[in-house]
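Every read-out reported here was derived from the displayed coordinates using simple, explicitly stated rules and does not represent laboratory data. Here the structure is a predicted model, which means the values were calculated and not measured. In this analysis, Cβ positions are derived from the backbone assuming ideal geometry, glycine residues included, and neighbour counts consider all displayed protein chains.
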Amino acid sequence: MQNIEKVIKNFIGKQEQQPPIYSAIKVNGKKLYEYARQGKKIEVTPRQIEIYDIKINKINIEQNTIDIIISCSKGTYIRSLARDIAKSLGTVGCISELNRLKVRRI
């Protein structure tokens, strides 16, 4: 359990994130998901993001689930973050529930 907490806390800070191929980012005037649906491989440049904080609400070892709250910069792909956390833990993962709690408008 301490390993899980340590790995998750390592994601706090500035970092580069590889956006998912199924996203609305445009490359050559076309959205990435359009290329993905056609089975075409497109190189996507990683983007600078920042994770301000990650709070762990609950870790359920029996069900292999982690409930977390993330405070992050705009442009952060939470599903990609979940993928990267799972990879760092030496496993695979998916999101079963995703709720946006706050949007900051400047």
* Asked: What residue, among those in the range 13-30 that are outside any strand (DSSP E or B) and among the small types (Gly, Ala, Ser), is surrounded by the most Cβ atoms within 10 Å (Cβ to Cβ)?
  -> Ser23
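Here is a yes/no grid of residues against (1) among the β-branched types (Val, Ile, Thr); (2) part of a loop (DSSP other than H, G, I, E, B); (3) under 14 Å from the mean Cα position of the chain (by Cα):
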position	(1), (2), (3)
Glu5	no, no, no
Phe11	no, yes, yes
Lys40	no, yes, no
Glu43	no, yes, no
Gln48	no, no, yes
Ile51	yes, no, yes
Asn57	no, no, no
* Starting from the range 4-19, take each residue that is free of Cβ contacts under 8 Å to residues at least 60 places away in the same chain and list its partners that are among the charged types (D, E, K, R), counting only C-beta distances under 8 angstrom and pairs at least six apart or across chains. => Ile12/Asp53; Gly13/Glu50; Lys14/Glu50; Gln15/Glu50; Glu16/Arg47
* Asked: What number of residues in the range 31-66 are surrounded by 15 or more Cβ atoms within 10 Å (Cβ to Cβ) and touching a residue at least 60 places away in the same chain (Cβ under 8 Å)?
  -> 1
* Going by the conditions given, is Ser88 over 17 Å from Tyr22 (Cβ atoms), small (Gly, Ala, Ser) and surrounded by 10 or more Cβ atoms within 10 Å (Cβ to Cβ)? -> yes
* To do: Taking Gly93 as the residue in question, decide whether it is assigned to a loop (DSSP other than H, G, I, E, B) and touching a helix residue (DSSP H, G or I) at 6+ places or on another chain (Cβ under 8 Å).
  => yes
* **Candidate set from the range 73-87 (those that are of a type outside the set (A, V, I, L, M) and not in a loop (DSSP other than H, G, I, E, B)); member that is farthest from Lys102 (Cα to Cα)** => Lys87
